Amino acid sequence: MSLIIAHQYAPALAAGLVPGLPDNVEFVALGEAAETAWTVPSSAEILLISQNSAAVGIGPDMPRPVGWPFNLKWVHLRSTGIDKYPDWIYEAPLLSVTRGGYATPIAEYVLAAMLSFAKHIPEIWTNNRAAWHSHKLGGLAGQTVGIVGFGAIGKAIAQRALAFEMTVVGTRRSGAASGIAGVTIASLEDVLAQSDHVVLCAPLTDATRGMIDAAAFSGMREGAHLINIGRGALIDTDALRHALEGTLGGATLDVTHPEPPPEGHWLYTHPKVRLSPHVSGSSPHTEATVNDLFLANLSRYLAGEVLEGVVDPTARY
């Protein structure tokens, strides 16, 4: 008997996954369009939801599709974050995300951001003799990076930061140990107070929304560098602007709230802000890595084993 997996992927994306599927799988395309993406066959056991939320019409306020969750046993999200999905998504018997699928390129982005901040890149590049003069550059060795939300991405950042002889501290919702030698888990207040670079990796939940507010900024070191690769709404944007006009050294933001900021928004032009368009997870290997993580989970599913990246419907992560 065939296992029917329905998917909302565009043809090119689906084609990359097909070679790794077991022979007994029927891979049913629903189309990457809101009109068809939720017409899940009654015989489908697994649904792969597109990460292109705009194309399939999904968002926090999307109405529940008639018949949801159909006869599905497992719903898989290609994304890592789950904040853009409506409440009815948690009614799926088993819900998973691509946890850790983007960890390597995001960690590389964070290291690049810290290095460019410390080494004043691109300001030091010169293209004429008149601009040839000395610069006082900083470094990462001996500095402290604080990782807010020490999950798969946080661990990938920590491993690379340790190689640069940085001190690494982090926060975990569970308070459990980091699992990496030399990495200390502490309270948010302690992490902010110690860190030269603060990296936001936490998921967006009711508990974390706006967590980096005026009080948080007041507890940061003078000249600290804030990096956000989590979700834009982790930061109180008004408080960020005030902090940048004060003692905050700078902010590197791959995510914002709203995203993208409207035309003319101050984030585009502030001299202490470096803004990128939510691309930190991109690399030549990202698509293959994400596919491999799903296929590994599919093997676990078929073997009756516990899946990785399962979402807790109560914690919403």
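The values are calculated or read from the model by the stated rules, or taken from the named source; none is laboratory data. Computed from a predicted structure; not experimentally measured. Please note: Cβ atoms are built from the backbone with ideal geometry, for glycine as well, and neighbour counts cover all protein chains shown.
Structure summary
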item	result
Of residues in region 194-235 being under 18 Å from the mean Cα position of the chain (by Cα), among the polar types (S, T, N, Q) and assigned to a loop (DSSP other than H, G, I, E, B), the one nearest to ARG160 (Cα to Cα)	THR208
Region 220-253, subset among the β-branched types (Val, Ile, Thr) and either under 17 Å from HIS120 (Cβ atoms) or in the same structural domain as GLY81 (by TED's automatic domain parsing) (or both), residue surrounded by the fewest Cβ atoms within 10 Å (Cβ to Cβ)	THR252
Condition met for ASN24 (modelled with pLDDT under 95, among the polar types (S, T, N, Q), on the phi < 0 side of the Ramachandran plot and surrounded by fewer than 19 Cβ atoms within 10 Å (Cβ to Cβ))	yes
Any hit, region 85-100, residues being of a type in the set (Ser, Thr, Tyr), assigned to a loop (DSSP other than H, G, I, E, B), within 24 Å of LEU234 (Cα to Cα) and free of Cβ contacts under 8 Å to residues at least 40 places away in the same chain	yes
Every residue from region 252-304 that is of a type in the set (Lys, Arg) and part of a loop (DSSP other than H, G, I, E, B)	LYS272
Hey, THR286 touching a helix residue (DSSP H, G or I) at 6+ places or on another chain (Cβ under 7 Å) and either among the hydroxyl-bearing types (Ser, Thr, Tyr) or assigned by TED's automatic domain parsing to the domain that holds LEU95 (or both) or not	yes
